[in-house]
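Participant: Below are the structure tokens for one structure; questions will follow.
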Amino acid sequence: MQDKARKYRLLGLIFFLLNFFLLQNHSYAQVYSQDFVIGKAIKIRSQVLNEERSLLIYLPDGYNKTQIKYPVLYVLDGDGHFHHVTGIVQFLSTRKLIPPMIVIAIPNIDRNRDFTPTQTKRRPTSGGADKFIKFLNDELISYVDKNYRTYPYRILVGHSLGGLFSLYTLLTTPDTFNAYIAISPGIGYDNEYLIKEYVTILENMPTLKKFLFMTLGNESSYIPRLEAFCKTLEDKAPKDLEWKYTYMEKEDHYSIVHRSVYNGLESLYSTWKVTNNLIESGIEAIQEHYKALSERFGYEIPVPALVYNLVGYRLIQAKDIDKAIRIFRLCIEAYPEYWYAYSNLGYCFMVKGNKELAVENLEKALKLNPNDKLTAQRLKKLKEEK
């Protein structure tokens, strides 16, 4: 009986000690937290619509550290699509498949009113598309261009009635945007009003240098209408309208949005990526690549600093230091605040045995980025040498 009591006391002591140490560790644990913010919400007053409109705004990483300009992606039904669309943009841009861009998402107040071109009995507030286009042109786009660093290249994403609105905008005021992504567009609206109107308007539109990407999921009632619309485009579309239609049979009316935005941006920027073969072709081929991109998108797209850097690295690896020096100097000429180019240029002069120019460029790199340990080590080594 005494042995059994001692056993229980021992177990109780062990249990107490375990809880004591667990509580102690918990008490002294330090918790670190950080909020990850993908954007901000603001409100602007619309005189056109006579109401206050909310905007959800995403800026690319490093926006506040440079003076770089960006194309702008406008998203209808913004309250439902802001989060996943900004994720797509961040993913594709960091992998250099598309350029970084600003995202402006427009939450709804009355989508039946804003996205429909005509009034119908079924939707009492419908028929406000023209007024909403005026709001976009006269107020929203002007506000964004005034308050953010933007290139004159705008993309519109719309789903369902928003897809109908995208096509209607392309039809009536095509210069509002440069590229249109219309997802499961509701072109059956008002007895296929848009299909009937498109035939006449396209016949009187000799040129239309725009990009149109349309998708449709497994939506039986939509299929014949969109196929008829595509037939109209095949017969009547201006030759410089770049358009594509993709049927996604595994998607439904709601799941299709994410894949459509991803595929649409990938298609729009299908020639954007700088391949290894292009890097190996040299700076002249790369400059021609960006000249072609500039002509395609309608604004000057310079060779990025990172691309100069990749070319320079290849030349260093090939032991062609003189050409590498030329590339890093071109980079500094285009991007005088890019510390990495100074660091690499300093290294090239180290290899060449030009200590004076090596020190000069390494010091410039450290001035721009004091935390660069490799540059600091190289500079220290040079200064310690007799």
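All of the numbers you see were taken from the coordinates with simple rules; none came from a lab. Owing to the predicted nature of the structure, the values given are computational and were not obtained by experimental measurement. Quick reminder, even Gly has a Cβ in these numbers, built from the backbone with ideal geometry, and neighbours come from all protein chains shown.
Participant: Tell me the mean residue ellipticity at 222 nm calculated for the chain from its helices only (DSSP H runs of n ≥ 4, each -39500 (n - 2.57), averaged over every residue, nearest 500).
Facilitator: One gets -16500 deg cm²/dmol as the mean residue ellipticity at 222 nm.
Participant: Please rank 326, 53, fewest neighbouring Cβ atoms within 10 Å first, as an exposure proxy.
Facilitator: 326, 53
Participant: How about region 103-198: which trypsin sites (Lys or Arg not before Pro) there lie in a loop by DSSP and see at most 16 other Cβ atoms within 10 Å?
Facilitator: 121, 122, 149
Participant: With a cap of 11 neighbouring Cβ atoms within 10 Å, and only residues DSSP puts in a loop, list the GluC sites (Glu not before Pro) found in region 309-371.
Facilitator: Nothing satisfies the criteria.
Participant: Taking the Cα centre as origin and putting +1 on Lys and Arg beta-carbons and -1 on Asp and Glu beta-carbons, what dipole magnitude results for region 276-384, to the nearest 20 debye?
Facilitator: 500 debye
Participant: If you put +1 on each Lys and Arg Cβ and -1 on each Asp and Glu Cβ, how big is the dipole of the chain around its Cα centre, in Debye rounded to 20?
Facilitator: 1620 debye
Participant: So what's the net charge close to residue 39: Lys and Arg +1, Asp and Glu -1, counting the other residues with Cβ under 15 Å from its Cβ?
Facilitator: -1
Participant: Towards the positive end of the charge dipole of region 40-268, with charges on Cβ (+1 Lys, Arg; -1 Asp, Glu), say which of 129, 243, 140 has the farthest Cα.
Facilitator: So the residue we want is 140.
Participant: What's the Kirkwood radius of region 40-268 in Å, using all Cα pairs?
Facilitator: This gives a value of 17.9 Å.
Participant: Next up: Work out, step by step, the length gained on full extension between residue 134 and residue 334: first 0.36 nm times the residue separation, then minus their alpha carbon distance; give nm to one decimal.
Facilitator: 68.2 nm
Participant: Follow-up question, since we're still on this one. Quickly work out the residue 369-to-residue 356 label distance, labels modelled 7 Å from Cα along the C-beta direction, and quote it in nm with one decimal.
Facilitator: About 2.8 nm separates the two model spin labels.
Participant: What full-extension length gain, to one decimal in nm, is calculated for residue 94 and residue 142 as 0.36 nm per residue of separation minus the Cα-Cα distance?
Facilitator: Gain in length upon complete extension: 14.5 nm.
Participant: Taking each pair of different alpha-carbon atoms in region 142-266 once, compute 1/r for the pair, average those values, and report the inverse of that mean as the Kirkwood hydrodynamic radius in Å to one decimal.
Facilitator: In region 142-266 this quantity evaluates to 14.9 Å.
Participant: On to the next question. All other residues with a Cβ under 13 Å from the Cβ of residue 210 taken together, and with Lys, Arg as +1 and Asp, Glu as -1, what is their net charge?
Facilitator: +2
Participant: Something else about it: Net charge near residue 322: determine it from the other residues with C-beta under 12 Å of the C-beta of residue 322, scoring Lys and Arg +1 and Asp and Glu -1.
Facilitator: Around residue 322, the charge tally is +4.
Participant: Could you tell me the ratio Rg/Rh of region 276-384? Both radii from Cα atoms, Rh via Kirkwood.
Facilitator: Rounded to two decimals, Rg over Rh is 1.03.
Participant: Within the chain, what's the longest stretch lacking chymotrypsin sites (Phe, Trp or Tyr not before Pro) that sit in DSSP loops with no more than 12 other Cβ atoms inside 10 Å?
Facilitator: 37-253
Participant: Now, a different point. Could you tell me the calculated FRET efficiency between residue 296 and residue 381, based on Cβ-Cβ distance and R0 = 45 angstrom, to the nearest 0.05?
Facilitator: Calculated transfer efficiency: 0.45.
Participant: On to the next question. May I ask what percent, to the nearest 5, of DSSP beta bridges between residues of region 140-230 are antiparallel?
Facilitator: If we restrict to bridges inside region 140-230, about 0 percent are antiparallel.
Participant: Same structure, new question: Could you tell me what percent of the DSSP beta bridges with both partners in the chain are antiparallel, to the nearest 5?
Facilitator: Antiparallel bridges: around 30 percent, rounded to the nearest 5.
Participant: Using 0.36 nm per residue, how much length does the chain from residue 204 to residue 266 gain when fully extended, once their Cα-Cα distance is taken away?
Facilitator: The residue 204-residue 266 span can extend by a further 19.2 nm.
Participant: Just report the Cα centroid separation between region 212-236 and region 136-167, whole Å.
Facilitator: Cα centroid of region 212-236 versus Cα centroid of region 136-167: 24 Å apart.
Participant: OK, next. Over 31 Å between C-alpha atoms is what I'm after, so list which of 196/244; 196/273; 69/381; 43/239 land there.
Facilitator: 196/273; 69/381; 43/239
Participant: Calculate, for residue 112 and residue 284, the FRET efficiency according to 1/(1 + (r/R0)^6) with r their C-beta to C-beta distance and R0 45 Å; round to the nearest 0.05.
Facilitator: Computed FRET efficiency for residue 112 and residue 284: 0.25.
Participant: Right, something else. Rounded to the nearest 5, what % of the DSSP beta bridges within region 40-268 are antiparallel ones?
Facilitator: So the antiparallel bridges in region 40-268 amount to around 30 percent.
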